[in-house]
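Below you'll find the structure, written out as structure tokens, and then a few comments.
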Amino acid sequence: MPVSSRPTLHLTVGLPGVGKTTRARELERACGALRLTPDEWMAPLFGLRWADFGGKRDVLEGRLVWVGHQVLRAGVSVILDFGCWSPDERYALRAIADLAGADFELHYLTLPEDERVERATARWRRAPEEIFEMTDEDHARFHGLFSPPTAEELQGCSLPPPPTPFESWPAWASDRWPTLPRLDR
Ligand SMILES: Nc1ncnc2c1ncn2[C@@H]1O[C@H](COP(=O)(O)OP(=O)(O)OP(=O)(O)O)[C@@H](O)[C@H]1O
Ligand SMILES: [Mg+2]
């Protein structure tokens, strides 16, 4: 029997159109990991009316993290193609990888802004059921909301403590994604 190596939790990070799902598919092909791309689940589960989507992505993501944790524990690598705009989300997912005995790899993608917007628009034209149309104002707002990983975070700095009053990152994650059970209990 081959010696099994540790599985890896891969996380794609970046603004719309930078190429996260393209990278996630490459990883899937290269390492046989389970790829979980929420955009492929939203419309089949919840229909096509973007205005009704409030909160549903969190419902879905919580369950995908939960299933991803189980798959990692079974020894198979997982790709969460989430985008993850906040450092706390990324730290929490890293803590969950640790808990599953998995390595963690963050794939941070960037592009010059004009190219990114062009690709996001091309993507919307190609698959309008997977993404809503974004205006210039939306793109500007996204920039304000996105916290890119720092050099320290990219180098895998030690995990900071979770925000008060949470006793652990998995506890924080269950609050952020209410459909994710506490994984450290
Ligand atoms: N190297 C490339 N050259 C040109 N176009 C590309 C390249 N890589 C990806 N694309 C195209 O750019 C668009 C965006 O790519 P992709 O869907 O991978 O981005 P994304 O970061 O997952 O976007 P989103 O956040 O909206 O899910 C797609 O239409 C894709 O086919
Ligand atoms: Mg994508």
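On a per residue basis, the chain carries 54 Å² of accessible surface, using protein heavy atoms and a 1.4 Å probe. A Förster distance of 30 Å, applied to the separation of the beta-carbon atoms of ARG185 and LYS56, puts the FRET efficiency at 0.70. Here ASP98 and SER147 are evaluated by their C-beta separation; at R0 = 25 Å the FRET efficiency comes out at 0.70. Here the Gaussian network model covers the chain, with springs between Cα atoms less than 10 Å apart; of HIS107, HIS143, HIS69, HIS143 fluctuates the most. Here SER158 and GLU40 are evaluated by their C-beta separation; at R0 = 45 Å the FRET efficiency comes out at 0.85. GNM on the chain, alpha-carbon springs under 10 angstrom: the most fluctuating residue among ALA100, ALA151, ALA74 is ALA151.
Ellipsoid semi-axes for the chain, based on the Cα gyration tensor and the rule √(5λ), read 26, 19, 18 Å when sorted largest first.
Selection among PRO160, PHE146, THR21 by position relative to the dipole of the chain gives THR21 as farthest towards the positive end (Cβ unit charges, Cα centre). Accessible surface of THR8, taken over heavy atoms with a 1.4 Å probe and every protein chain present, rounds to 20 Å².
Surface composition of the chain: carbon plus sulfur atoms hold 54% of the accessible area, using a 1.4 angstrom probe and ignoring ligands, DNA and RNA.
Largest GNM mean-square fluctuation across PRO165, PRO128, PRO44, computed for the chain with C-alpha springs under 10 Å, falls on PRO165. When +1 charges are put on Lys and Arg Cβ atoms and -1 charges on Asp and Glu Cβ atoms, the dipole computed for region 8-176 relative to its Cα centre reaches about 480 debye. In nm, to one decimal, how far is the GLU133 label point from the ASP175 one, both placed 7 Å along Cα→Cβ? Computed distance between label sites GLU133 and ASP175 equals 3.9 nm.
The values are calculated or read from the model by the stated rules, or taken from the named source; none is laboratory data. Keep in mind that what you see is a predicted model, and the values were worked out from it rather than measured. We place every Cβ from the backbone using ideal geometry, glycine too, and count neighbours over all the protein chains shown. Surface areas here come from the heavy atoms of the whole protein model, side chains and all, with no ligands, DNA or RNA. Shrake-Rupley method; radii C 1.70, N 1.55, O 1.52, S 1.80 Å.
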